[in-house]
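Heads up: the structure comes next, in C-alpha coordinates.
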Amino acid sequence: MNGLAFPNIDPVAFALGPIVIRWYALAYIAGLFGGLLYAKSLAARDSLWGAIPRPSAADLDDLLLYATLGVILGGRLAYVFFYQPGYFLGKPLEILAIWSGGMSFHGGMAGAALAMVLFARARGLPVLSLFDLAATVAPLGLMLGRIANFINGELWGRVADVPWAVVFPHGGPFARHPSQLYEAATEGLLLLIVLAVLVRRVGYHRPGLITGVFGAGYALARIGCEFFREPDAQLGFLFGGFATMGMLLSLPMLAVGLWLIWRARTVA
(Lines give C-alpha, C1' and ligand atoms only; values in the text may rest on other atoms or scores of the structure.)
Protein backbone atom coordinates (compact mmCIF):
# COMPACT_ATOMS: atom_id res chain seq x y z
CA MET A 1 0.00 0.00 0.00
CA ASN A 2 1.85 3.07 -1.27
CA GLY A 3 0.82 6.68 -1.03
CA LEU A 4 0.45 9.33 1.64
CA ALA A 5 -1.57 8.55 4.75
CA PHE A 6 -4.83 10.45 5.00
CA PRO A 7 -4.50 13.17 7.67
CA ASN A 8 -7.67 11.82 9.30
CA ILE A 9 -9.04 15.16 10.43
CA ASP A 10 -12.20 14.80 12.51
CA PRO A 11 -15.13 15.90 10.28
CA VAL A 12 -16.72 17.37 13.41
CA ALA A 13 -15.19 20.78 14.08
CA PHE A 14 -16.69 21.05 17.56
CA ALA A 15 -19.73 20.03 19.57
CA LEU A 16 -21.82 22.00 22.04
CA GLY A 17 -23.72 19.35 23.95
CA PRO A 18 -26.10 17.68 21.48
CA ILE A 19 -25.29 20.26 18.79
CA VAL A 20 -22.61 18.99 16.40
CA ILE A 21 -20.90 21.43 14.05
CA ARG A 22 -19.13 19.83 11.08
CA TRP A 23 -16.41 21.31 8.91
CA TYR A 24 -18.68 20.86 5.88
CA ALA A 25 -21.32 23.10 7.45
CA LEU A 26 -18.68 25.65 8.41
CA ALA A 27 -17.42 25.65 4.81
CA TYR A 28 -20.91 26.54 3.57
CA ILE A 29 -21.30 29.25 6.21
CA ALA A 30 -17.84 30.72 5.56
CA GLY A 31 -18.42 30.63 1.80
CA LEU A 32 -21.78 32.41 2.06
CA PHE A 33 -20.76 35.09 4.55
CA GLY A 34 -17.27 35.51 3.10
CA GLY A 35 -18.84 35.90 -0.32
CA LEU A 36 -21.30 38.45 1.11
CA LEU A 37 -18.49 40.62 2.50
CA TYR A 38 -16.55 40.38 -0.76
CA ALA A 39 -19.67 41.25 -2.79
CA LYS A 40 -20.36 44.29 -0.61
CA SER A 41 -16.84 45.58 -1.13
CA LEU A 42 -17.19 45.20 -4.90
CA ALA A 43 -20.65 46.81 -4.99
CA ALA A 44 -19.28 49.84 -3.12
CA ARG A 45 -16.66 50.61 -5.78
CA ASP A 46 -18.12 53.21 -8.15
CA SER A 47 -15.40 52.73 -10.79
CA LEU A 48 -16.48 49.12 -11.39
CA TRP A 49 -20.07 49.99 -12.23
CA GLY A 50 -20.36 53.40 -13.85
CA ALA A 51 -24.03 54.02 -14.68
CA ILE A 52 -25.07 50.37 -14.32
CA PRO A 53 -27.53 49.85 -11.44
CA ARG A 54 -26.10 47.76 -8.60
CA PRO A 55 -27.41 46.25 -5.40
CA SER A 56 -27.06 48.11 -2.13
CA ALA A 57 -25.53 46.58 0.99
CA ALA A 58 -29.07 46.02 2.31
CA ASP A 59 -30.05 44.30 -0.96
CA LEU A 60 -27.09 41.93 -0.61
CA ASP A 61 -28.04 41.09 2.97
CA ASP A 62 -31.50 40.07 1.76
CA LEU A 63 -30.09 38.27 -1.27
CA LEU A 64 -28.06 36.00 1.01
CA LEU A 65 -31.27 34.34 2.25
CA TYR A 66 -32.60 33.88 -1.28
CA ALA A 67 -29.33 32.43 -2.53
CA THR A 68 -28.94 30.11 0.47
CA LEU A 69 -32.40 28.62 -0.02
CA GLY A 70 -31.76 28.28 -3.76
CA VAL A 71 -28.46 26.49 -3.20
CA ILE A 72 -29.91 24.06 -0.67
CA LEU A 73 -33.13 23.24 -2.54
CA GLY A 74 -31.56 23.14 -6.00
CA GLY A 75 -28.50 21.21 -4.86
CA ARG A 76 -30.53 18.58 -3.03
CA LEU A 77 -33.19 18.07 -5.70
CA ALA A 78 -30.62 17.79 -8.48
CA TYR A 79 -28.71 15.18 -6.47
CA VAL A 80 -31.93 13.22 -5.96
CA PHE A 81 -32.98 13.27 -9.62
CA PHE A 82 -29.60 12.94 -11.34
CA TYR A 83 -27.50 10.85 -8.98
CA GLN A 84 -29.77 8.54 -6.97
CA PRO A 85 -33.36 8.66 -8.28
CA GLY A 86 -34.01 4.97 -7.63
CA TYR A 87 -32.90 5.15 -4.01
CA PHE A 88 -35.01 8.19 -3.15
CA LEU A 89 -38.02 6.88 -5.05
CA GLY A 90 -38.11 4.06 -2.52
CA LYS A 91 -37.37 6.36 0.45
CA PRO A 92 -38.92 9.76 -0.41
CA LEU A 93 -38.78 11.08 3.16
CA GLU A 94 -34.98 10.90 3.04
CA ILE A 95 -35.00 13.65 0.43
CA LEU A 96 -35.43 16.00 3.39
CA ALA A 97 -32.43 14.56 5.25
CA ILE A 98 -29.86 16.94 3.76
CA TRP A 99 -27.70 16.56 6.88
CA SER A 100 -26.88 13.01 5.74
CA GLY A 101 -25.10 14.36 2.63
CA GLY A 102 -25.87 14.43 -1.05
CA MET A 103 -25.72 17.78 -2.88
CA SER A 104 -25.14 18.67 -6.52
CA PHE A 105 -23.17 21.80 -7.38
CA HIS A 106 -24.93 22.17 -10.73
CA GLY A 107 -28.32 21.96 -9.05
CA GLY A 108 -27.26 24.40 -6.34
CA MET A 109 -26.12 26.84 -8.99
CA ALA A 110 -29.41 26.52 -10.89
CA GLY A 111 -31.37 27.03 -7.68
CA ALA A 112 -29.33 30.08 -6.74
CA ALA A 113 -29.74 31.50 -10.26
CA LEU A 114 -33.53 31.15 -10.09
CA ALA A 115 -33.56 32.79 -6.66
CA MET A 116 -31.49 35.69 -8.01
CA VAL A 117 -33.81 36.16 -10.98
CA LEU A 118 -36.79 36.44 -8.64
CA PHE A 119 -34.86 38.78 -6.35
CA ALA A 120 -33.66 41.00 -9.20
CA ARG A 121 -37.20 41.39 -10.54
CA ALA A 122 -38.56 42.20 -7.09
CA ARG A 123 -35.89 44.89 -6.50
CA GLY A 124 -35.74 46.26 -10.06
CA LEU A 125 -32.10 45.26 -10.56
CA PRO A 126 -30.50 44.03 -13.83
CA VAL A 127 -30.39 40.24 -13.66
CA LEU A 128 -27.08 39.86 -15.52
CA SER A 129 -25.33 42.44 -13.34
CA LEU A 130 -26.49 40.60 -10.23
CA PHE A 131 -25.24 37.34 -11.75
CA ASP A 132 -21.88 38.97 -12.49
CA LEU A 133 -21.43 40.04 -8.89
CA ALA A 134 -22.40 36.60 -7.57
CA ALA A 135 -20.14 34.86 -10.08
CA THR A 136 -17.14 36.88 -8.89
CA VAL A 137 -17.47 35.63 -5.32
CA ALA A 138 -18.82 32.10 -5.93
CA PRO A 139 -15.39 30.41 -6.33
CA LEU A 140 -14.63 31.24 -2.69
CA GLY A 141 -17.44 28.92 -1.57
CA LEU A 142 -16.42 26.29 -4.12
CA MET A 143 -12.86 26.25 -2.79
CA LEU A 144 -13.95 25.90 0.83
CA GLY A 145 -16.51 23.24 -0.04
CA ARG A 146 -13.96 21.06 -1.83
CA ILE A 147 -11.52 21.38 1.05
CA ALA A 148 -14.35 20.20 3.33
CA ASN A 149 -14.90 17.23 0.98
CA PHE A 150 -11.24 16.32 1.49
CA ILE A 151 -11.53 16.63 5.27
CA ASN A 152 -14.57 14.33 5.15
CA GLY A 153 -12.59 11.81 3.09
CA GLU A 154 -15.31 11.76 0.42
CA LEU A 155 -15.47 12.22 -3.36
CA TRP A 156 -11.93 10.92 -3.68
CA GLY A 157 -10.03 10.44 -6.91
CA ARG A 158 -9.11 7.46 -9.06
CA VAL A 159 -6.31 5.06 -8.21
CA ALA A 160 -2.95 6.74 -8.87
CA ASP A 161 0.79 6.25 -8.46
CA VAL A 162 1.76 9.93 -8.24
CA PRO A 163 3.90 10.87 -5.20
CA TRP A 164 1.07 12.91 -3.67
CA ALA A 165 -1.58 10.18 -3.98
CA VAL A 166 -3.53 9.62 -0.74
CA VAL A 167 -4.92 6.46 0.85
CA PHE A 168 -8.42 7.50 1.93
CA PRO A 169 -10.02 5.71 4.89
CA HIS A 170 -13.05 4.56 2.90
CA GLY A 171 -11.40 4.32 -0.52
CA GLY A 172 -9.95 0.84 -0.13
CA PRO A 173 -6.26 -0.05 0.21
CA PHE A 174 -5.29 2.01 -2.84
CA ALA A 175 -3.58 5.38 -3.17
CA ARG A 176 -5.80 7.80 -5.04
CA HIS A 177 -5.69 11.27 -6.56
CA PRO A 178 -6.76 13.90 -3.99
CA SER A 179 -9.18 15.18 -6.62
CA GLN A 180 -11.03 17.30 -4.06
CA LEU A 181 -7.90 19.43 -3.73
CA TYR A 182 -7.51 19.59 -7.52
CA GLU A 183 -11.04 21.01 -7.67
CA ALA A 184 -10.39 23.40 -4.78
CA ALA A 185 -7.33 24.71 -6.64
CA THR A 186 -8.93 25.06 -10.10
CA GLU A 187 -12.68 25.60 -9.66
CA GLY A 188 -11.96 27.58 -6.53
CA LEU A 189 -8.69 29.44 -6.09
CA LEU A 190 -7.64 29.77 -9.75
CA LEU A 191 -11.09 30.86 -10.90
CA LEU A 192 -11.35 33.29 -7.98
CA ILE A 193 -8.08 34.95 -9.04
CA VAL A 194 -8.97 35.04 -12.75
CA LEU A 195 -12.31 36.69 -12.06
CA ALA A 196 -10.78 39.17 -9.60
CA VAL A 197 -8.23 40.24 -12.22
CA LEU A 198 -10.92 40.50 -14.90
CA VAL A 199 -13.18 42.60 -12.67
CA ARG A 200 -10.29 44.90 -11.86
CA ARG A 201 -9.57 45.39 -15.57
CA VAL A 202 -13.06 45.68 -17.07
CA GLY A 203 -15.37 46.06 -14.08
CA TYR A 204 -19.04 45.24 -14.55
CA HIS A 205 -19.53 47.48 -17.56
CA ARG A 206 -20.39 44.57 -19.87
CA PRO A 207 -23.24 42.67 -18.18
CA GLY A 208 -22.91 38.92 -18.54
CA LEU A 209 -19.17 38.83 -19.23
CA ILE A 210 -18.10 37.83 -15.72
CA THR A 211 -20.91 35.29 -15.50
CA GLY A 212 -19.84 33.81 -18.82
CA VAL A 213 -16.20 33.51 -17.77
CA PHE A 214 -17.27 31.89 -14.52
CA GLY A 215 -19.58 29.40 -16.26
CA ALA A 216 -17.08 28.43 -18.94
CA GLY A 217 -14.15 28.42 -16.50
CA TYR A 218 -15.93 26.24 -13.97
CA ALA A 219 -17.11 23.83 -16.67
CA LEU A 220 -13.62 23.39 -18.11
CA ALA A 221 -12.07 22.96 -14.67
CA ARG A 222 -14.73 20.46 -13.59
CA ILE A 223 -14.48 18.43 -16.79
CA GLY A 224 -10.69 18.32 -16.44
CA CYS A 225 -10.85 17.26 -12.79
CA GLU A 226 -13.40 14.56 -13.58
CA PHE A 227 -10.63 12.65 -15.37
CA PHE A 228 -8.96 12.25 -11.96
CA ARG A 229 -12.09 11.84 -9.82
CA GLU A 230 -13.64 8.46 -9.10
CA PRO A 231 -17.11 8.39 -10.70
CA ASP A 232 -20.10 7.99 -8.43
CA ALA A 233 -20.43 4.31 -7.50
CA GLN A 234 -24.13 4.14 -8.33
CA LEU A 235 -23.59 5.66 -11.78
CA GLY A 236 -20.11 4.72 -12.94
CA PHE A 237 -19.08 5.91 -16.39
CA LEU A 238 -22.04 6.99 -18.49
CA PHE A 239 -20.58 6.26 -21.92
CA GLY A 240 -17.28 5.84 -23.73
CA GLY A 241 -15.58 4.45 -20.65
CA PHE A 242 -14.65 7.95 -19.41
CA ALA A 243 -17.66 10.29 -19.35
CA THR A 244 -19.20 11.01 -15.95
CA MET A 245 -22.33 12.79 -14.75
CA GLY A 246 -20.18 15.73 -13.65
CA MET A 247 -18.87 16.11 -17.20
CA LEU A 248 -22.35 15.83 -18.71
CA LEU A 249 -23.86 18.46 -16.42
CA SER A 250 -20.95 20.81 -17.11
CA LEU A 251 -21.51 20.90 -20.86
CA PRO A 252 -24.58 23.19 -20.72
CA MET A 253 -22.63 25.52 -18.41
CA LEU A 254 -19.81 25.66 -20.94
CA ALA A 255 -22.20 26.42 -23.81
CA VAL A 256 -24.08 29.14 -21.90
CA GLY A 257 -20.82 30.61 -20.59
CA LEU A 258 -19.33 30.91 -24.06
CA TRP A 259 -22.54 32.44 -25.39
CA LEU A 260 -22.57 35.04 -22.60
CA ILE A 261 -18.94 35.95 -23.32
CA TRP A 262 -19.73 36.35 -27.02
CA ARG A 263 -22.83 38.39 -26.24
CA ALA A 264 -21.05 40.69 -23.81
CA ARG A 265 -18.24 41.37 -26.28
CA THR A 266 -20.56 42.07 -29.18
CA VAL A 267 -23.40 43.99 -27.51
CA ALA A 268 -22.51 47.59 -26.89
> When all C-alpha to C-alpha distances in segment 16-57 are sorted into bins of 10 Å, what percent of pairs does each bin hold, rounded to whole numbers?
Replying inline: 25, 32, 22, 15, 6, 0
> So, in Å, what gap is there between the alpha-carbon centers of segment 198-268 and segment 134-190?
Replying inline: 18 Å
> Using just the C-alpha positions of segment 12-100 as equal point scatterers, what log10 of I(q)/I(0) does the Debye formula give at each q in 0.12, 0.15, 0.18, 0.20 1/Å?
Replying inline: -0.58, -0.79, -0.94, -1.01
> HN-Hα J couplings of segment 20-30 from phi, Karplus 6.51/-1.76/1.60, θ = phi - 60°, integer Hz, Gly and Pro as x?
Replying inline: 10, 10, 9, 4, 5, 5, 5, 5, 4, 5, 5
>> Bins of 10 Å, beginning at zero and ending with the bin holding the largest distance: percent of Cα pairs per bin for the chain, please.
In response: 7, 27, 35, 22, 9, 1, 0
>> If I take every Cα pair under 8 Å that is 6 or more residues apart in segment 184-253, average their sequence separation and divide by the length, what percent do I get for the relative contact order?
In response: 30 percent
> Of I210, I9, which has the most accessible area and how do the rest follow, probe 1.4 Å?
Replying inline: I9, I210
>> Net charge within 12 Å of C225 by Cβ-Cβ distance, Lys/Arg positive one each and Asp/Glu negative one each, not counting C225 itself?
In response: 0
> Roughly what would the spin-label model give for L235 and I29, points 7 Å off Cα along C-beta, in nm?
Replying inline: 3.0 nm
> Under a 1.4 angstrom probe, counting protein chains only, how are Y87, Y24 ranked by accessible area, largest first?
Replying inline: Y87, Y24
>> What does the C-alpha gyration tensor say about the overall shape of segment 118-268? Classify as rounded when a/c is under 1.5, otherwise prolate if a/b is larger than b/c, or oblate.
In response: prolate
>> With just the Cα atoms defining each centre, how far is segment 1-17 from segment 52-128? Give it in Å.
In response: 29 Å
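The values are calculated or read from the model by the stated rules, or taken from the named source; none is laboratory data. The structure displayed is predicted, hence computed values, not measured ones. Counting neighbours? That spans all protein chains shown, and the Cβs are built from the backbone with ideal geometry, glycine included. Heavy atoms of the whole protein, side chains included, go into the accessibility calculation; ligands, DNA and RNA do not. Shrake-Rupley method; radii C 1.70, N 1.55, O 1.52, S 1.80 Å.
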